[in-house]
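One structure is given here, and the rest of the page talks about it.
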């Protein structure tokens, strides 16, 4: 009886082998092109994907070599010498993706991703909506961009509204435009962004370091170190692009001395003389066809010290950037409490011009505040071209 059972089992094995081997072979032949076609169908409009060669592994893993992706509209380019995809038998399940090296390029950045591991999801009821989540050991771009241990989620890549979530153990970013360059770095970055017709970005970071020394006017001491920072930026499209921005820094100091317990900055940046057809990526790439960043409106700067000293600046700056094509004008009200203590920190830190800071402190001390009980002193500041006025009187 046992020998008969073994015989039947052997027959079944042979039968299923004869049945499955052709299916397996067909899968190895058909699946690579199926995966390729599904990915191409999910690509954003105006983009192209080229693949040098495709091969398969015994476990049905697919190897794509010499991959190149281009989006001429957004000026984004991706390429990789080799990407391995481990597909599932249902396309609604995630495809696992691995690449030792992936190169990224746009008008501002040229970066290399090392040891990319990702999963690509296609939503069950919306076959064209794609999400990607994964991690990267390191992203590097010379002295301009460095991320380590980055975790990401890109959701709704083909929908009108996309979201991006990022986490990184460390990061470094250098950004340059017509107004100079700045560097920002830190630890334990958390970022949430939403991208549609408009865009919003939110960043939380520990041990934040801001190097603003190369922004005009240049000041080599303008380097700020904060225990914690929060940055929120929105890019809004109307007749012209505007960008409400808010920054909150906790426990800040310079290379020389402490600055403040809290620094809160908010403003709305304004572009002018630009095409209404521009998108936010063109704004981020500093595309001249989209107009010029010209004005900073609704400015509010609040500095709070340990000793309950505080400084509040509210106002606006019109035509304050290079190539603005109009006379520069800055108007502000400056209020202070415990004026000597709060200004002493600023002057000792080196982040402000000592001459202007000293003149401003002196003017505040001789201008009592009669309208706001929360502050001791108040002055009106105006800058027209190169002329400075405090309480309507020339300073320099």
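Quick note: the coordinates plus some simple rules give every number you see, no bench work behind them. Quantities reported herein were computed from a predicted structural model and do not represent experimental measurements. Methodologically, a virtual Cβ is constructed for each residue, glycine included, from the backbone with ideal geometry; neighbour enumeration extends over all protein chains shown.
Modelled spin labels at residue 232 and residue 395, positioned 7 Å past Cα toward Cβ, are 3.0 nm from each other. Return, ordered by residue number, the residues of the stretch 322-358 whose backbone nitrogen is under 20 Å from a label point located 7 Å along Cα→Cβ of residue 384. Only 324-334 pass the distance filter. Centre-to-centre, using Cα atoms only, the stretch 159-225 and the stretch 258-325 are separated by 14 Å. From least to most packed, judged by other beta carbons within 10 angstrom and beginning with the fewest, 258, 378 follow the order 258, 378. Simple spin-label estimate for residue 65 and residue 256 gives 6.0 nm between the two label positions (7 Å along the Cα-to-Cβ direction from each Cα). Among 227, 277, 295, 287, sorting on how many other beta-carbon atoms sit within 10 Å of each Cβ, with the fewest leading, yields 277, 227, 287, 295. One chain, two ends: residue 206 and residue 307. Fully extended at 0.36 nm per residue, the span grows by 34.0 nm beyond their Cα-Cα distance. Label-to-label distance, residue 359 versus residue 50, with points set 7 angstrom from Cα along the beta-carbon direction: 6.0 nm. May I ask you to derive the FRET efficiency for residue 273 and residue 198 from their Cβ-Cβ distance with R0 = 25 Å, giving the value to the nearest 0.05? Using R0 = 25 Å, I get an efficiency of 0.80. Taking other Cβ atoms within 10 Å as a rough exposure proxy, 139, 384, 233 sort from fewest to most as 384, 233, 139.
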